[in-house]
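The values are calculated or read from the model by the stated rules, or taken from the named source; none is laboratory data. The model shown is predicted, which means the values in this text are computed figures rather than measured ones. Every residue, glycine among them, receives a Cβ derived from its backbone with ideal geometry; neighbour counts consider all protein chains shown. Protein only, heavy atoms only, side chains kept; ligands, DNA and RNA dropped before computing areas. Shrake-Rupley method; radii C 1.70, N 1.55, O 1.52, S 1.80 Å.
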Amino acid sequence: MTKPTVLVVGPLPQNIMDALSEAYELVRYWTLQDREKELASVADRVRGIATTGHYGASRALMDLLPNLEIVASFGVGYDAVDVVAAREKGVRVTNTPDVLTDEVGNLAVLLVLAVSREMLAADRYVRSGDWKAKGDMALTRSIRGKKAGVIGLGRIGKDIADKLAVFGMELQWHGPRDKPGADYPYRADLTAMAADVDYLIVACPGGAATRHIVNDAVLNALGPDGTLINISRGSCVDEAALVEALQAGRIGWAGLDVFEDEPAVPQPLIESSRTVLLPHVGSATVETRTAMGNLVVENLALHFAGEPLATPVV
Ligand code: 8YV
């Protein structure tokens, strides 16, 4: 039997590429010299797309693949996959929820602690010889008893909230609507929540509905003693407004794993001593990326076997 053809949009971990190439004829999109021409020569055969939260799958790409049946995305966030186009075309879409929740939750906690305890500055203090030359470093800030507001109490937001509660933080959350039985107080007004908390943590999905949900007004409300943490999508924060707010001291600190135009990071964020910056690594451990990749492989296998999908979005 001929193997189904799957278009891989961007590189996946090697063990996952190996598993995929066992089962499928792979077209490695990112390696094509003349993408349009080379894709046209195989387009009719492509029945699946394997992609990532970063590369996604646009309507334009799907338009080129008349026999496309499924888009399997590596990552929980599928804002870069055009699900409206997929629905219209009868194309299934899967993501990789649950397997990364704990890892991303840990990274959010790590950012909260790294910012509050000034871990990177402290590390530099040792390496630079300042400890010897200048004596003890200035005191930092405790998180116990401080207030945190989580935007988005989904799987990841809840994991973050539960973990920060263990550290003695007082939690509240904002989302489009209250959830019956939620463990933390709901705030319908994001700006009011920002005004009330010390740490504002972005954990909502990306996409049009949350674009720049953290805007100038929200940052001003967070205030000069406030910290913004973002482990979700850069698009959720008005990055230009964030840069200005940090420069003017209208907010205190920021811990960011995601940016509006990755991998580009605005120079003022890089130069600021009040930021901790990570290269979108929330889920990036060997264990979790392997589990995510296995779920991509599993969803494709189930689809081509005519079985129900493990983690369908569409
Ligand atoms: C991945 C992510 O970095 O799950 C997500 O939504 O952003 C990450 O786990 C991404 O999908 C890989 O590009």
The range 52-119 and the range 230-263: distance between their alpha carbon centers, rounded to Å: 20 Å
Among Glu244, Glu118, Glu22, which one moves the most in a GNM of the chain with springs linking Cα atoms closer than 10 Å? Glu22
Specify the residue with the greatest mean-square fluctuation among Val71, Val150, Val243, computed from a Gaussian network of the chain linking alpha-carbon atoms under 10 Å apart. Val243
Shape metrics for the range 101-277, restricted to C-alpha atoms - Rg then Dmax, Å: 15.9, 56
For q = 0.13 Å⁻¹, Debye-computed log10 I/I(0) when each Cα of the chain counts as one equal scatterer: -0.95
Please state, to two decimals, what the Cα-based radius of gyration of the range 97-152 comes to when divided by 2.2 N^0.38 Å (N = residues). 1.51
Rounded to whole Hz, the Karplus (6.51, -1.76, 1.60) HN-Hα couplings of the range 29-42, x for glycine and proline: 4, 5, 9, 5, 6, 10, 3, 4, 5, 5, 5, 4, 6, 10
Kindly give Rg over Rh for the range 83-125, based on alpha-carbon atoms, with the Kirkwood expression for the hydrodynamic radius. 1.39
As a test of the formula, what do you get for the chain when each DSSP H run with n ≥ 4 contributes -39,500 (n - 2.57) and the sum is divided by the residue count, at 222 nm and rounded to the nearest 500 deg cm²/dmol? -10500 deg cm²/dmol
For the range 1-145, what's the radius of gyration and Dmax over Cα atoms, in angstrom? 22.6, 72
Student exercise, the range 89-238 dipole from Lys, Arg, Asp, Glu Cβ charges, in Debye to nearest 20: 320 debye
Vicinal HN-Hα couplings computed from phi for the range 248-263 (Karplus, 6.51 cos²θ - 1.76 cosθ + 1.60; Hz; Gly/Pro x): 8, x, 6, 10, x, 9, 9, x, 10, 9, 9, 9, 5, 10, 4, x
Going residue by residue through the range 60-75, the Karplus relation 6.51 cos²θ - 1.76 cosθ + 1.60 with θ = phi - 60° gives ³J(HN,Hα) values, rounded to whole Hz and with x marking Gly or Pro, of 4, 5, 4, 4, 7, 10, x, 10, 5, 10, 8, 10, 9, 9, 8, x
Per the 1.4 Å probe, what fraction of the accessible area of the range 41-111, in percent, lies on carbon and sulfur atoms? 50 percent
Determine the distance separating the Cα centre of the range 288-308 from the Cα centre of the range 166-200; give it in Å without decimals. 35 Å
Would you mind working out the accessible area per residue for the chain, using a 1.4 Å probe, and quoting it in Å²? 48 Å²
Out of Asp79, Asp189, Asp136, a Gaussian network model of the chain with alpha-carbon springs under 10 Å gives the largest mean-square fluctuation to Asp136
Computed over the Cα atoms of the range 215-296, the Rg and Dmax in Å are 14.3, 46
For a label point 7 Å from the Cα of Ala23 along Cα→C-beta, name the residues of the range 69-101 whose backbone N is under 19 Å from it. 69-76, 91-100
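About its Cα centre, how strong a charge dipole does the chain have in debye, to the nearest 20, once Lys and Arg get +1 and Asp and Glu get -1 at the Cβ?
Charge dipole, the chain, about its Cα centre: 340 debye, nearest 20.
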Mean Kyte-Doolittle hydropathy of 0.5 or higher plus an axial Cα length of 18 Å or more: which whole DSSP H helices in the chain meet both? 101-116
